[in-house]
1. Could you give each residue of the stretch 188-196 its phi-based ³J(HN,Hα) in whole Hz, using Karplus coefficients 6.51, -1.76, 1.60 with θ = phi - 60°, and x for Gly or Pro?
2. Could you run the Karplus curve 6.51 cos²θ - 1.76 cosθ + 1.60 with θ = phi - 60° over the stretch 405-412 and give me ³J(HN,Hα) per residue in whole Hz, x for Gly and Pro?
3. Please give the length that would be gained between residue 537 and residue 401 if that part of the chain were fully extended, namely 0.36 nm times their separation in residues minus their C-alpha to C-alpha distance (nm, one decimal).
4. So what are the ³J(HN,Hα) numbers for the stretch 510-518, from phi and the Karplus equation (6.51, -1.76, 1.60; θ = phi - 60°), rounded to whole Hz, Gly and Pro as x?
5. At R0 = 56 Å, how high is the FRET efficiency between residue 467 and residue 255 if r is their beta carbon distance? Nearest 0.05 is fine.
6. Of 542, 521, 509, which is farthest on the positive side of the dipole of the stretch 495-566, counting Cα position, with +1 on Lys and Arg Cβ, -1 on Asp and Glu Cβ, and the Cα centre as origin?
7. In nm, to one decimal, how far is the residue 852 label point from the residue 813 one, both placed 7 Å along Cα→Cβ?
8. Once amide H atoms are built 1.01 Å from N in the peptide plane, which residues 5 or more positions from residue 347, or in another chain, come under 5 Å H to H?
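Bear in mind these aren't lab numbers, they're just calculated from the coordinates by the rules spelled out. Please read these numbers as outputs of a predicted model, since none were measured by experiment. As a convention, Cβ positions derive from the backbone with ideal geometry for all residues, glycine included, and neighbour counts pool all protein chains shown.
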Amino acid sequence: MFRTSGLKDDPRSGGKSLDLSGFAGLSEDDARRNIEQDGPNELASQEKRGLFAIVIEVVREPMFLMLVAAGALYLLMGSPGDALMLLGFVFVVMAITIVQERRTERALDALRDMSSPRALVIRGGIRRRVAGREVARGDILVLSEGDRVPADAILRRTINLSVDESLLTGESVPVRKAPSAAAKGLERPGGDDLPSVYSGTLVTAGQGIAEVVNTGRLTELGKIGKALQQIQPEATSLQKETGRLVRTLALAGLVACAVVVITYAVTRGGSAQVWKEGLLAGISMAMAILPEEFPVVLTVFVALGACRISRSRVLTRRMPVIETLGAATVLCVDKTGTLTQNQMSLKTLAVDGRTTSLGAEAASLDEEFHALLENAILASKQDPFDPMELALQTAGDRLLMRTEHLHPEWSLLREYALTPELLAVSQAWKLGVGDEVVVASKGAPEAIAGLCRLSPERRAFVAGEAAALASQGLRVLGVARARVTAGALPADHDQLVLEFVGLVGLEDPLRSKVPSAVSECRTAGIRIVMITGDYPATAQSIARQAGLANTETIITGPELARMSDEELASRIRHTQIFARVVPEQKLRIVMALKANHEIVAMTGDGVNDAPALKAAHIGIAMGGRGTDVAREAASLVLLDDDFSSIVAAIRLGRRIFDNIKKAIAFVFAVHIPIAGLSMLPVFFSGWPLLLFPVHIVFLELIIDPSCSLIFEAEPAEANVMQRPPRSSRERLFSMATVGLAVLQGLCVLAVCLAVLLFSRSSQQPDAARALTFVTLVVAFVVIILANRSWTRTIVNMLRVPNSALWWVIGGTAAFLTVVLFVPVAQRLFHFASLPARGLLLSLGAGVVCVMWFEILKLIKGRTRVCDAAPVRRKQ
């Protein structure tokens, strides 16, 4: 601790120190009382649910109940290995759900960490550093360059203070701050020359004394945390639809089980043995109908999909959102740090009507522009923190290194600070042993023109040049210079008489891969909406560079604040640029898009993006430059901040949904013959039972889960990114998908029954059962091959690699060989030895049962070729 005798003089502030006189601050007792009244200066913790409460919620989920029911059936059948496998899935589902429930707590923890920096306060006339959570309402803060502001406060004194508020506003350029002795309330974040500073923002230049007015959850940062806490993530449409189907089929399975048991017993005499056989038939029927494959398919597809997406440098934080990617219709992006690099760079130099543009690889500069860059650097700090000054210094190191225009040996004699009345900063440099001084100035072009005493005609010319650069989205600064003696330096800034040198234009550059990524999104029917806290002209320029459509229509934050929700929902259909918005408005924009039945993906990297990231169907955070808050609130995180990775993730999302549909169609198709062959013998007393639980275990636990791996590994269809997003109302179990599956399943059932009827006349029941089973298994393999693509034939798809396919086919063939020819396996499966002729019949019947689907593909393919031919001639 130390007395308030003043801060150490800072040569970059012209020898001025921050006057602390008159600020005694709170006493320790007052600070303690305020903390007891308001709470500590941190975000309020969300009440955490216990493990038991989360487990109870998981147990009530239909998918969980379905897995438990299937496991119980396996236990009743005396198959503990199969039961343990399904119970293993139970614990996997439970673990995943518990992890998801912890996401909100982690997001709030990240916010809490960010909002609690160390703080320099004055208490009882003594300066001391305290933990950020110990800052109290009424405390006097001492702020210096590089400090993180610990609470919302009002500035009482400043010296050349600028603050980076991009975490709250999205603005890439720090804003100037001005003190106020009378202000009592806070202004909205954003804008220059305001006395308000906000928790979590960063001081980039100067010094200041501020009085704390809000702490903890009452700060702007705290309001974001509250909004984040109140938003609940939505279940995906696939989760909802699968839950409904599971409940329906579970009920149907229980009813069918009871019907089969009772019918079998009544039609066969009702003895104890008959009832046992009926119970066995009923269990088989229930297993045939109960869709335990659906949870398995979802688990496998989503888990492996997350692994595939991670190879594109995208981390999946909420795995069910993967299937939603393919339905995304709107991608909301923040300009700063998402489309742009969130770092300023020198773009243009202008001298006497002549301009030069500087690319990132430029290594030299024409001589006529040397003086302009030289004096712009001299008007900046030697060790800059401000992004514009950093950009100037970086350009100087690259372009002036081997010239005489860099002067590390000069010493700073005096600085004339930027003020609201004169938006310029000037620095006087002593050249060496003599009395000569070089003055360099930079600032708003009109301010520099005033210091240079330009004629009206010359001022109009400079203003025109500045406007032309500003229309390109550049931040424009004027630069001037003078040579005087040390004794001739005036006391006031506006008494300097300078020579106008030229203009510099700086930009926050676009990421190099953004235009191609935006173009592919547009081709895929995905609308890009830019949401930024920056100025309209800058946002419009970046939007044009990125390739956004309809860049002429802009809605600003103040305009949005005056709109009703209905007006916003109407205008947002035709608007793709929102500028000067604040965090609450970003969230409102996302909610308006959702009200229009859009599937919204939102990218962002700042604290201000967190509520919108969580509210969107798909929240995508930038992992490299993004804040912990954004990463924790998002569903996906771009590990390399590459905007093009979004396109790869969307492409994979569409592929995953397509392949899930194929897998679901297969599951439907195979359950129809399984259910038919389990139920029909019950109603015909002369027929033997065809399928026992051991047969269904073979079919469901070997072929069905393995086929999920096959379909998951299938590459995307060729037109996956040339078609519009699927409708949010499109159901996974659509009439087209279910109809195709039912038709395939009925064809397999019909062929199996034909083989059964043919073999019953000449074979024993065990042999007939074996021939029917062989036909069923071969038909399932053929359905797999046919459904790999719904546009390309089996022969064409055989040229497309899929390692899982051959493992499944090989394993199925090997296992089928064992159960047909190994005596122990024959007895377990109730099979008899088969003649070669019967075996060939079964194999052939299984192959031809779905050949109609291949013929349909050929017809559709020829139709597309004929339809496309005239188009090619026109081209």
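1. Each residue's phi maps through the Karplus curve to give 5, x, x, x, 8, 6, 9, x, 8 Hz.
2. 9, 10, 9, x, 7, 5, 10, 6
3. Taking residue 537 through residue 401 to full extension adds about 45.6 nm, to one decimal.
4. Those phi angles translate into 5, 5, 5, 8, 5, x, 5, 5, 5 Hz.
5. Working: r = 77 Å, r/R0 = 1.37.
Result of the calculation: an efficiency of 0.15.
6. 521
7. 2.8
8. Those qualifying (amide H under 5 Å, at least 5 residues apart or on another chain) are 505, 506, 507.
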